[in-house]
Amino acid sequence: MDTHLKQPKYGIPIRLVLTNGDDMAGLVYVHWGQRVRDLLCEKEAFLPVRTTTGTHLLNKASIIRADILTLDQITERQAIFPEVDLDYLSYSQW
């Protein structure tokens, strides 16, 4: 019997600037207490990013900059992101 409990993940809205000049806005998923920086520093080469058009596996080497948006910016631009848990974002240090 598998006693491993799956931990919930929370979507953090970010804006990525890529080496080809493109911008990508979407969600990256972290566990409670995990930071986006921790996620970017993990050994896996690809980062899953969920956008309104689907989930993309993005090679981390192609990321020039990752902007973590404020709650105000997220609220203003909520239409460009998939579902966002604003309660989690307001109570956590992501």
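No lab work stands behind these numbers, since they all come straight from the coordinates. Quantities reported herein were computed from a predicted structural model and do not represent experimental measurements. A quick note on method: Cβ atoms are made from the backbone with ideal geometry, for glycine too, and the neighbour counts reach across all protein chains shown.
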The chain, dipole about Cα centre (Lys/Arg Cβ +1, Asp/Glu Cβ -1), debye to the nearest 20: 240 debye
Fluctuation leader among Ala25, Ala79, Ala66 - the chain, Gaussian network, Cα springs under 10 angstrom: Ala79
Part-to-part distance (alpha-carbon centres) for the stretch 61-82 and the stretch 1-57, which is given in Å: 12 Å
Relative contact order (%) - criterion: Cα under 8 Å, at least six apart; region: the chain: 33 percent
Sum of side-chain charges, Arg77 neighbourhood, beta-carbon under 13 Å (Lys, Arg +1; Asp, Glu -1): -3
Where trypsin sites (Lys or Arg not before Pro) in DSSP loops with at most 15 other Cβ within 10 Å are excluded, longest remaining stretch of the chain: 44-76
Listed candidates (i) 14.5, 43; (ii) 13.7, 49; (iii) 12.0, 31 - label of the one calculated as Rg and Dmax of the Cα atoms in Å: (ii)
Table column - 3J(HN,Hα) (Hz), the stretch 20-36, Karplus curve with 6.51, -1.76, 1.60, x for Gly and Pro: 7, x, 6, 9, 9, 10, x, 10, 10, 10, 10, 7, 3, x, 7, 9, 4
Nearest-0.05 FRET efficiency for Leu5 and Leu71, computed from C-beta distance (R0 30 Å): 0.55
